[in-house]
1. If you place +1 on the Cβ of every Lys and Arg and -1 on the Cβ of every Asp and Glu, how big does the dipole about the Cα centre of the range B:43-147 come out, in debye to the nearest 20?
2. Build a GNM of chain A with springs between Cα atoms under 10 Å: which of A:Lys139, A:Lys122, A:Lys40 gets the top mean-square fluctuation?
3. Which semi-axes, in whole Å and largest first, does the equivalent ellipsoid of the range B:15-57 have when worked out from the alpha carbon gyration tensor as the square roots of 5 times its eigenvalues?
4. Rg(Cα) of chain A divided by 2.2 N^0.38 Å?
5. Let's see if you can work this out: charge +1 on each Lys and Arg Cβ, -1 on each Asp and Glu Cβ, no other charges. What is the dipole magnitude of the range B:86-132 about its Cα centre, in debye to the nearest 20?
6. Please compute, over every Cα-Cα pair in the protein assembly as shown, the percentage with a separation greater than 26 angstrom.
7. Quick one: net charge of A:Asp64's neighbours, Cβ under 11 Å, K/R +1, D/E -1?
8. Give the relative contact order (percent, whole number) for the range B:44-150; include only Cα pairs under 8 Å separated by 6+ residues.
Protein chains: 2
Amino acid sequence: MKRIAIDMDEVIADALPKHVSLFNQKYNETITMKDLNGKKLEDLCPDLKEEINRLIADPLFFRDLAVIKDSVNVIKELTEHYQVFITTAAMEFPPSFNAKYEWLKEHFDFLSDLNFVFCGDKSIINADYLIDDNVRHFKQFVGKGILFTSPHNTNETGYTRMNNWKEIRSYFLEE
Amino acid sequence: MKRIAIDMDEVIADALPKHVSLFNQKYNETITMKDLNGKKLEDLCPDLKEEINRLIADPLFFRDLAVIKDSVNVIKELTEHYQVFITTAAMEFPPSFNAKYEWLKEHFDFLSDLNFVFCGDKSIINADYLIDDNVRHFKQFVGKGILFTSPHNTNETGYTRMNNWKEIRSYFLEE
């Protein structure tokens, strides 16, 4: 059985809208998702980079994120044909451990805890595929990187790109 | 640079003596480390298996474990010649996340957070070597398993065995 590793933020957990909304509220800004095309929040407000990261460092930030559309159903279907692991760079924000775990248990309770991985450098992941929104994780990854579209990566080329979970379903289950 | 993945409990963190001592205290037993030769605590008291696991499920159990002799200095030296990752099956005890992370920061602060991995099924680890006391993690591991001696595994054969960190130093840095 081939193995698919799947990132959390921006792939199954909709972190960006909450991040932008918190940022706008706190710093009286009016940044929209359209402004973020090809950019990260800190590219738009480089002077506030630390403050931007601090918003995510809140232990509860990750607990109530919306689930990315269709990810639950498609991943459930994928588990019938593939080994599925959730591989998140939680080590970048250690205070997020518990919230991330509880979020996974709430929304992806059909996956075993033993298939959750909290890591940092994803070159440590042994899988055939890695679905991720950050191309930096593909550079040393042993398998094939699948880029999940997020505003910040729209200009990235050279990777198999998936714009939504319906496309992933089609790629892994129909082709 | 080759990569070594290293388990925590019974390899760098001395969990067993604390576990046995807590168990003896709570259940008025007198189990010694010698009694555990070739056995796990639950093999000696199968009726108390749940209670035994409950002692480890305490979020603070892992916070004040002693460091296994020579592990800090040898790992520090290994990082000059290998990529070193700490790969612990923390997903078996999710309440342990924070204590395990804080313990690593206290004793192995020379390692990057990005090289810490909290997982369950270690077949997800992509490394050349895995130093672990549980042979079950070697079955599907992509690299070479190195068995670190712990009372419960003394009867295991068929693996490269290391009895202490001086032997590991010699294996990886002198041979």
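Quick note: the coordinates plus some simple rules give every number you see, no bench work behind them. Given the structure is predicted, the values throughout are model-derived calculations rather than measurements. Cβ coordinates were reconstructed from backbone atoms using ideal geometry, including for glycine residues, and neighbour counts include every protein chain displayed.
1. 240
2. A:Lys139
3. Equivalent-ellipsoid dimensions as semi-axes: 14, 12, 10 Å.
4. 1.01
5. Dipole size: approximately 60 debye.
6. 54
7. Once positives and negatives cancel, what remains is -1.
8. 23
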